[in-house]
Structures are given as C-alpha cells and as structure tokens.
Amino acid sequence: MPNFVRVYTGEDGKSHLEDLAPPFQSFVDTEGAYGEGTPMEAANGVTIRIAQPGYLLEWHTAPRRQYTITLSGVAEVEVGDGTKRQVGAGDVLLAEDLTGEGHITRVISEEPRYYIVVALGD
C-alpha cells in the first residue's frame, strides 16, 4: 500500500509532516469505471520530473499546493524539528507548506527519482 503524506505549515510557522488518509468513497464514472476514489480536484498542470541521486533542495516552501507522486527512486523530506519521511515508488506527498520555514527535499536512493507533480487549482 502506498504512503500518503502531507507537509503543511503549522500555527508555529514551521513545516510539519503527517500521514494523510484520502477520503476514498465508492464511485461509478461516466464511462463505467468503478471502485473507490477520492473526490475530483481541480488541477492547473502536470509535469514529470527526474532528480538525480544526491539531489538536494535546501530549505524551501512549496511553490503551490501540489501532489508529488513518486514513480521510482526514494526521496526524503525533512522538517524543522528534524522529522524525516521517505517517499518511494507509489507514494503520494501533498505539499501545502506555502509559508513559513519550509522543508528540505533530498534524493537518497542510488537511482534517479522519477516523479509526477500535479499543481492543484485554487
């Protein structure tokens, strides 16, 4: 099962990490697809990115509300209190820390991290 993680700005102005429980519910789509899914969210764009082993993005806030979905490789996200979480293949990270201290992102795998960024609508 993939991990669902959220990074957000707390009332203390610092970024925090928490497990995210997507609100899955039964659905049937117009073409007949069915199962469980989350409500549809508006998106402004999608990109596929590659970050090489050793990639390091020092303290930064998210540029927008966005999902990052790791396809392969492993990244580590670190927040100000020293908490670190790894995201690997199939994991979904919701970045919502648009203000404050931010977080660090680093690729810790020996292979590149391939990931998809979904910029969320307002």
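Restricting the range 42-87 to residues that are of a type in the set (A, V, I, L, M) and assigned to a loop (DSSP other than H, G, I, E, B), which is nearest to residue 122 (Cα to Cα)?
Step one: of the range 42-87, the residues of a type in the set (A, V, I, L, M) are 42-43, 46, 48, 50-51, 56-57, 62, 69, 71, 74-75, 77, 79, 87.
So of that shortlist, the ones also assigned to a loop (DSSP other than H, G, I, E, B) come out as 42, 62, 74, 79.
Numbers: 42: 8, 62: 14, 74: 29, 79: 25 Å.
Checked the range 42-87; the qualifying residue nearest to residue 122 (Cα to Cα) is 42.
Among the residues of the range 23-41, count how many are assigned to a loop (DSSP other than H, G, I, E, B), free of Cβ contacts under 8 Å to residues at least 24 places away in the same chain and surrounded by 10 or more Cβ atoms within 10 Å (Cβ to Cβ).
Matching residues across the range 23-41 total 3.
Restricting the range 62-103 to residues that are among the hydroxyl-bearing types (Ser, Thr, Tyr) and over 16 Å from residue 5 (Cβ atoms), which is surrounded by the fewest Cβ atoms within 10 Å (Cβ to Cβ)? Steps first, please.
Here is the first cut: in the range 62-103, the ones among the hydroxyl-bearing types (Ser, Thr, Tyr) are 67-68, 70, 72, 83, 99.
Checking the rest, the ones that are also over 16 Å from residue 5 (Cβ atoms) come to 72, 99.
Numbers: 72: 14, 99: 11.
Of everything passing the filter in the range 62-103, 99 is surrounded by the fewest Cβ atoms within 10 Å (Cβ to Cβ).
Among the residues that make up the range 59-69, is at least one of them aromatic (Phe, Trp, Tyr) and touching an Asp or Glu at 6+ places or on another chain (Cβ under 8 Å)?
The initial filter retains those residues of the range 59-69 that are aromatic (Phe, Trp, Tyr), namely 59, 67.
Now narrow it down to the ones that are touching an Asp or Glu at 6+ places or on another chain (Cβ under 8 Å): 59.
Yes, there is a match, as at least one residue in the range 59-69 is aromatic (Phe, Trp, Tyr) and touching an Asp or Glu at 6+ places or on another chain (Cβ under 8 Å).
Any idea which of 117, 107, 46 is out of contact with any Cys (no Cβ under 9 Å at 6 or more places or on another chain), in contact (Cβ under 8 Å) with a residue 60 or more places away in the chain and surrounded by 15 or more Cβ atoms within 10 Å (Cβ to Cβ)?
Details: 107 fails: in contact (Cβ under 8 Å) with a residue 60 or more places away in the chain; 46 fails: surrounded by 15 or more Cβ atoms within 10 Å (Cβ to Cβ).
Just one listed residue meets the conditions, 117.
Coordinate-derived values only; no laboratory data. Computed from a predicted model, the values in this text were never measured in an experiment. Counting neighbours? That spans all protein chains shown, and the Cβs are built from the backbone with ideal geometry, glycine included.
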